[in-house]
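Following: one structure in structure tokens, then a few remarks.
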Amino acid sequence: MKKVVCIIIKLLCFISIILFTAFHFSLRVSKNKDRLKEKYKKYFMLLTSWMDILESNGSLEEYFICKGIDNVAVYGAGGVGEHLLKQLRESNITIKYVIDKSEFLKASETLPLYKPCDDLPEVDAIVVTPVWDYENIREQLLKKVKCPVISLDNVIKGIKNE
């Protein structure tokens with residue numbers, strides 16, 4: 001009888017561990033979905049505001065000129081970063097380099113590519129395109145550079161509020 005009770009207790013412990021693990025896994029997946037939703041919501045709002053600026057014949061160049069920024073680095077060369085690079089290439093703002101964790105980017109074909117951990121050349125400002133993670137990226141970069149680290153979101157809001 002004691003053997004049966006021991007087996008049942010072990011089985012219940014094992015089932016409890018499996019349920020506990022499954023619960024934590026589902027909780028983690030749920031949090032990731034929420035983060036992903038928030039990320040895409042921020043990008044949607046950013047791009048909508050950016051389109052409003054372009055449709056009213058404005059440009060991102062205005063923000064940089066008002067702030068006395070002539071040369072920048074762009075952090076993030078994903079989709080939004082590529083759009084920013086294209087916009088700035090057609091302006092009087094000089095893009096010195098791109099910062100990204102990945103080594104395989106289109107931007108690196110024409111501009112120097114640095115990783116966040118590299119020694120970064122001086123620029124007037126670094127523009128961060130992954131706006132959903134801006135605070136973390138800014139904190140990292142401010143340990144390495146003396147220039148302002150600006151969110152693309154702040155650039156767009158700065159133009160819309162002028």
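The values are calculated or read from the model by the stated rules, or taken from the named source; none is laboratory data. From a predicted model like this one, the values you see are computed outputs, not experimental measurements. Virtual Cβ from ideal backbone geometry, glycine too; neighbours counted across all protein chains shown. SASA here: full protein model, heavy atoms, side chains in, ligands and nucleic acids out. Shrake-Rupley method; radii C 1.70, N 1.55, O 1.52, S 1.80 Å.
What the table shows:
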item: Members of K67/K146; K39/K96; K96/K144; K37/K143; K101/K146 lying beyond 18 Å, as alpha-carbon distances in this model show; result: K39/K96; K37/K143; K101/K146
item: Average accessible surface area per residue within the range 30-75, 1.4 Å rolling probe, Å²; result: 66 Å²
item: Under 12 Å, Cβ to Cβ, from F64 - net charge with Lys/Arg +1 and Asp/Glu -1; result: -3
item: Debye, to nearest 20: dipole size of the range 37-111, +1 on Lys, Arg Cβ, -1 on Asp, Glu Cβ; result: 320 debye
item: Label point 7 Å beyond Cα of S59 along Cβ direction - residues of the range 74-92 with amide nitrogen under 12 Å; result: 87-92
item: For I95, residues with placed amide H under 5 Å, excluding near neighbours; result: V72
item: Förster radius 35 Å - calculated FRET efficiency between K39 and K115, Cβ distance, rounded to 0.05; result: 0.95
